Structures are given as structure tokens and as C-alpha cells.
1. Looking at this structure, is B:C117 at negative phi and in a loop (DSSP other than H, G, I, E, B)?
2. Within the range A:19-38, track down each residue that is farther than 20 Å from B:A375 by Cβ and either more than 7 Å from chain B (Cβ to nearest Cβ) or surrounded by fewer than 14 Cβ atoms within 10 Å (Cβ to Cβ) (or both).
3. Might you let me know whether the range B:425-441 holds any residue that is surrounded by fewer than 17 Cβ atoms within 10 Å (Cβ to Cβ), at negative phi and part of a helix (DSSP H, G or I)?
4. Looking at (1) modelled with pLDDT under 95; (2) surrounded by 22 or more Cβ atoms within 10 Å (Cβ to Cβ); (3) over 27 Å from A:G33 (Cβ atoms), which is the only condition B:A459 fails?
5. Looking for whichever is under 15 Å from B:C293 (Cα atoms) and assigned by TED's automatic domain parsing to the domain that holds B:W277 here; the options are B:V437, B:V426. Which one fits?
6. Looking at the range B:62-80 only, could you name the residues that are assigned to a helix (DSSP H, G or I) and within 25 Å of the chain's Cα centre (by Cα)?
7. I'm trying to understand the selection: among the residues of the range A:40-63, which are within 14 Å of another protein chain (Cβ to nearest Cβ) and under 11 Å from the mean Cα position of the chain (by Cα)?
8. Is it true that some residue in the range B:358-374 is in contact with a Pro (Cβ under 7 Å, 6 or more places away or on another chain) and closer than 30 Å to B:F94 by Cβ?
Amino acid sequence: MNDKRRVISEVEVKAMDRISVRVCSGTTCYVLGGSELMDLARTLPPGWRDRVQVEGAPCLDLCRSPGQARPPFVKVGDRVVAEASVEKVVAALRELLA
Amino acid sequence: MSLDNEAVLLKREILIRVATLAHEGTLTTQLRKLPYEMTAAGRPSYRCCVHHERAILRDRVLAVLGSAIEERDESVDLNEAAVEAWERTGPDAFPLTVVDEACKGCVRSHFTVTNACQGCVARSCRNSCPQGSIVVQGGRASIDPETCINCGKCQEACPYHAIIHLPVPCEEACPVGAVTKGPDGKETIDPDKCILCGRCIGACPFGAVMEKSDVVRIVRALGDDRPLVALVAPSVLGQFPGTLAQIYGAIHALGFIDVKEVAEGAEQTAAHEAQEWAHGQASGQAFLATSCCPAWVRASRAIPGMGAFVSTTPSPMVFAARAARTAHPGAQLVFVGPCTAKRREALDTAEVDAVLTFEELGALFVARGIEVGQAEPFPLKAHRPEGRGFALSGGVAAAVAATGVTGLKPELINGLTRKSLNLLKVYAKGKGQGNLVEVMACEGGCVAGPGKVCSVKVALTHWDQEAK
Ligand code: FES
């Protein structure tokens, strides 16, 4: 009984520590190359799986903001990756995980 | 494709900007500014100077307006071109155009010795050359372009892999030799030879081959009184976020009064083709070649003897269009798919009024701010899966088989290349193994069409999910 409780809390701690990766699946991002990020989770190094939480997100509202940043967008933690590619997201994660 | 070819993304951005202006009603007053906006500070540049960059963007815009770049007047103003596009009553008969400003005029396809050459004693390159085109001077081999016949034997022979082949990507991609150089070194497409497979569009690293889009006319038609009905190819799955029903819902939200699955027409094509096949077999016909791929139907005309074997069954688009005309008399029909050759099939059959690619549909969604992932699902009829399967290589043969005919020996031609065309020539001589030859011009099937949004790999993950 005690053992079980300990395991659960460990999982919870891990979930809190996870870096959130939000892949925009709004139409603009998807059409401008974001489609290729849809299986991002599967392309990440296996060792990162329990440290990173990848999820799709509705339009992050970055495509409508003025400025030169261009879609597709991915949010890695609080960081915005513009013109995102798998390589760019991996690089951003590597910095955060280091 | 997609992310790794920035030329594709550039084209999509122009499509989005043009569709947005057209929707807002400012196309004819604001279009002139587009090349300037797209070359503003901080934007990536690809060319020697901003003037060249703008000249190319201007030509790309003209293609998106549906014009032939080859016939343009250098001085034409984009706002005026927009007026012309807005007034246009139908697309050009030949749907491709070469942006000659963008065409690099690649040097003729050839082999060349790189500086990895060690000037070795073996002289394997020289000894392998049937033409005596190679000399070794100053410790380095060189190839005489005048006498070289491009056989590639020297490349195979070199122990240092110092000899490379420099292709002309668009010419290499064309399975029928329709793309060749004009006197100025720029590429031209022979409209009589071209089968409209669209391979050159994706092959050119400079994005110089473009489709003449009909998107402005469709934006206009969406605002007109006459209702529009969309006929959507089954390959649409995965082209946008959300489920199939949501994609249909998003199309409905654009203002189409009805959205029909071409998969429904595909079921009729399969049934009809199965009958045709059985009749042919009974009367001693060696094989039947499928007819749903319009690029293949065009290609088949240039193969002596093939005509007798190509199915005369109407394509899924045609069956779907006939049903839609009965259901909605007076409506304009828009075929939505990934296919360049369909543009021509639409004109030749006069069964549909316009063709929209998935890329262009995406531009309309963005222009209208429609989030496909949040769209209201559109009620889809229950279908047998075989109709939707037409989008994938093997799907047509599978659908014919599912009708219950016996003795079927299918051969799948998954992609029209020079090599597969040679096999088809063998078939035309009556020497093939199969008795049903399914031909799809794009490798993987329609999901790989030139007007697709996402890569085949991504599309297929959606197909796997939807099948579950
Ligand atoms: S669609 Fe990605 S930020 Fe809007």
C-alpha cells in the first residue's frame, strides 16, 4: 500500500517537470508546413519521452499578430519557435533539457 | 516535400495573400503592393537583388491569377491583371506555366569531374569511356562535353567517387520528355507531349514551374448568386487538421451549398469497370487498364496499341458530377483534389465547372479564417471503404476485386516514370502478366498529387487512424 503511493507521487512529479511542446494545428500553420510536425512526438529521442509532453494545440494566435515571425509555430515551454521544423524544435528542447 | 522545399511554401503564401485580397474585395486595388510586402526587411531573400526577387514574385502572382507567364507583357500592372482575373470566365486550356525569370536555366544534364579527383595512375575513368572523351592533364581528369554521351560509365569506374552527375531536375522528373530547353536555355513545356502529371512542379528547386490557378474565379463565384457544390476527392483525408467530417464542414462553411464525396462516384467507377473487365475477358481481351487517373489517360494516347486496352469507364469525378447535377440542377460544380491533370479533364469532359487543389482550398480557409480543427462536422453518408481507397495505389484494383469478379490478376503501376512507361509499352504489345493494370501517375496514389498539402507519410498516418 505504502509502496504504491510512493510510485504514484513520483509519476506526478515527473508530469509536472515535463516540458510542454505545443504544436499549432491551426489551419494557417498546418497549410504552411505544420502538417509535417504532426508526428513530432514519435521523432523525438526515446530518452526524452518522459521529460517532454507533446500535444497539438488550436491556433496559437501567432499567425495573426503583426511582425516578421512566420508559421508554422510551436511553443516549447514559453518559447515560440517560428518557421518550425522538427530540427528546430529538437534544438530548442536540447537547450532547455541541458 | 513541404517543409524541405521553401518554393512550395512561397507559392502557398502567395495563394493565401491573393485569396485574402480577393475575399476582402481589394484585389484590384492592393495586389500591386504584394511583391513589395513580401520583400520587406526581415524576409528571407533567395535572389541576387530585391528587384529580381520582386520580378519573380510578380510572375508567381500572375500564375496564381491564372495567367500564362510566357505570354505576359513585361509592363503589365498587377492591379490590372487582377481585374482581368476577376473577369475571367474559365481557365486556360493548358494548366502549367514556366516562370522564366525564376528558371535558373540549369546547364544541360551532364557528368563532371570534381576536385575530389586524385589524378590517379589507374586512369579507370579514361579506360571506361567508350567515347574517348576523358583526358587527364595536370593531375586531374576532365570530360569533353562535345563528345560525351552521358553514359555514366566513368562515374561508376572512379575509385574516389570524384565524378558526379548534374541533372536538370525538371527534365529528369518528366516521364515523357515534354520539358526541354528553349534557345535561351530556359525550360519550356510541350503542351502536346505533357501528360500533366505535375512532377516538374515539385522537382524544380527554384519553383519555376507553376500551375495557373483558378482560385480568384472561385472566390468570385462563392460571392455570386449561383450556388456552388464541392466534389471532394477521397485523398483529402489528412490534408487538413481535424476529421474527414470536419474538413467537409469547413468546405461547407466557405459557402458551398453541398459537399459531395467523390468516393461515391468511385464506387460506380469500380462497379462499371468490373463489368467492363469481365466482358473483355470473355471476349479474349488480354487486359484492361484503369482510367481514373487523367495523367495516365493522356500518357496512354502516346503508347501505340494501348488505346484498345484503356477502360472507357467514366472517372469517379464524372460519376460524382452527374449525381450532383441531378441533385442540384443549376449549381456550379467544383472538383477539389490534389491533381493537375484533373484541371484538363474538367475542361475536356465539361462535367465540372472548376477545379481547386488542396493547396488552394487551404488558402481559401486561411483567407476566411476558418479553423478546420474546430469546424462543425458535415454529415457524411456511410460508404463502403473501397470508394475512398481510390486515393491510394492499389485501391482501384482492390475496389474492382471487391465487386466479386473472379480470376483477377492485377498489376499495379505505382507512379508513371520512364521505367514504368516502358513496362506499359510491353503490355500494349500483349505481353504483360496481369489482366487488370491499375495505373496511378503519382507514387503512392492521389495522396501524392502535386496539389497536396501534406507529405504522403503524414497523410498515411491519418488514413491509418481513420481506418481504426
Ligand atoms: S494557425 Fe498557428 S498560430 Fe494561428
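The values are calculated or read from the model by the stated rules, or taken from the named source; none is laboratory data. Note that the structure is a prediction, hence the values are computed from the model and not measured. All Cβ positions, glycine included, derive from the backbone under ideal geometry; neighbour counts span all protein chains shown.
1. Answer is yes for this residue.
2. Correct list: A:I19, A:S20, A:V21, A:R22, A:L37.
3. Taking every residue of the range B:425-441 in turn, at least one turns out to be surrounded by fewer than 17 Cβ atoms within 10 Å (Cβ to Cβ), at negative phi and part of a helix (DSSP H, G or I).
4. (3)
5. Among B:V437, B:V426, only B:V437 is under 15 Å from B:C293 (Cα atoms) and assigned by TED's automatic domain parsing to the domain that holds B:W277.
6. Within the range B:62-80, B:L62, B:A63, B:V64, B:I69, B:E70, B:E71 meet the criteria.
7. A:L40, A:A41, A:E55, A:G56, A:A57
8. Looking for residues that are in contact with a Pro (Cβ under 7 Å, 6 or more places away or on another chain) and closer than 30 Å to B:F94 by Cβ, one finds at least one in the range B:358-374, hence yes.
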